[in-house]
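Asks: There's a structure below that I have some questions on.
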Amino acid sequence: MDGEEIEVICADGIRLVGHLWPAREPAAGVVIVNAATGVAARFYHAYARFLARHGFHALTYDYRGIGQSRPETLK
């Protein structure tokens with residue numbers, strides 16, 4: 001099961017990319033997985049799938065400038 005790609009546009013126009021793994025209803029809760037500094041969110045996708053299978057909605061996202069949130073240029 002792959003997560004659904006989502007996009008968040010910040011107030012300053014920066015685009016962040018994340019993934020949402022929905023749990024079967026009713027969900028036990030929501031877990032937002034905050035990656036370690038400099039680590040792409042994809043590293044946590046297996047954990048997010050595990051959480052979704054065990055009743056939690058899970059969200060992963062890449063910080064500004066890394067992974068799928070990295071712009072074409074970092075200038």
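The values are calculated or read from the model by the stated rules, or taken from the named source; none is laboratory data. Fair warning: this is a prediction, and the values are worked out from it, not measured in the lab. Quick reminder, even Gly has a Cβ in these numbers, built from the backbone with ideal geometry, and neighbours come from all protein chains shown. The protein model used for the area step is the full one, side chains on, heavy atoms only, and it has no ligands, DNA or RNA in it. Shrake-Rupley method; radii C 1.70, N 1.55, O 1.52, S 1.80 Å.
Asks: Does ARG42 satisfy being at pLDDT 95 or above and either open to solvent by 20 Å² or more (accessible area, probe 1.4 Å) or out of contact with any strand residue (DSSP E or B) (no Cβ under 9 Å at 6 or more places or on another chain) (or both)?
Replies: Details: at pLDDT 95 or above: yes; either open to solvent by 20 Å² or more (accessible area, probe 1.4 Å) or out of contact with any strand residue (DSSP E or B) (no Cβ under 9 Å at 6 or more places or on another chain) (or both): yes.
Spelling it out, ARG42 is indeed at pLDDT 95 or above and either open to solvent by 20 Å² or more (accessible area, probe 1.4 Å) or out of contact with any strand residue (DSSP E or B) (no Cβ under 9 Å at 6 or more places or on another chain) (or both).
Asks: Another question, then. Against the definition (surrounded by fewer than 16 Cβ atoms within 10 Å (Cβ to Cβ) and not β-branched (Val, Ile, Thr)), how does PHE56 come out, yes or no?
Replies: Spelling it out, it is not the case that PHE56 is surrounded by fewer than 16 Cβ atoms within 10 Å (Cβ to Cβ) and not β-branched (Val, Ile, Thr).
Asks: Consider THR73 carefully, then state whether it is free of Cβ contacts under 8 Å to residues at least 12 places away in the same chain, among the hydroxyl-bearing types (Ser, Thr, Tyr) and not in a helix (DSSP H, G or I).
Replies: Details: free of Cβ contacts under 8 Å to residues at least 12 places away in the same chain: yes; among the hydroxyl-bearing types (Ser, Thr, Tyr): yes; not in a helix (DSSP H, G or I): yes.
Yes: the conditions hold for THR73.
Asks: Just to be sure, is THR60 hydroxyl-bearing (Ser, Thr, Tyr) and part of a loop (DSSP other than H, G, I, E, B)? First the steps, then the outcome.
Replies: On the way: hydroxyl-bearing (Ser, Thr, Tyr): yes; part of a loop (DSSP other than H, G, I, E, B): no.
Taking the combined requirement at face value, the residue does not satisfy it.
Asks: Continuing with this model, one more query. For the range 1-34, what are the residues that are open to solvent by less than 60 Å² (accessible area, probe 1.4 Å) and either under 12 Å from ARG64 (Cα atoms) or of a type in the set (D, E, K, R) (or both)?
Replies: Those that are open to solvent by less than 60 Å² (accessible area, probe 1.4 Å) and either under 12 Å from ARG64 (Cα atoms) or of a type in the set (D, E, K, R) (or both): CYS10, GLY13, LEU16, VAL17, GLY18.
Conditions tested, residue by residue: (1) touching a Gly at 6+ places or on another chain (Cβ under 8 Å); (2) not small (Gly, Ala, Ser).
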site	(1), (2)
HIS19	yes, yes
PRO22	no, yes
ALA40	yes, no
TYR44	no, yes
ARG49	yes, yes
HIS54	no, yes
GLY67	no, no
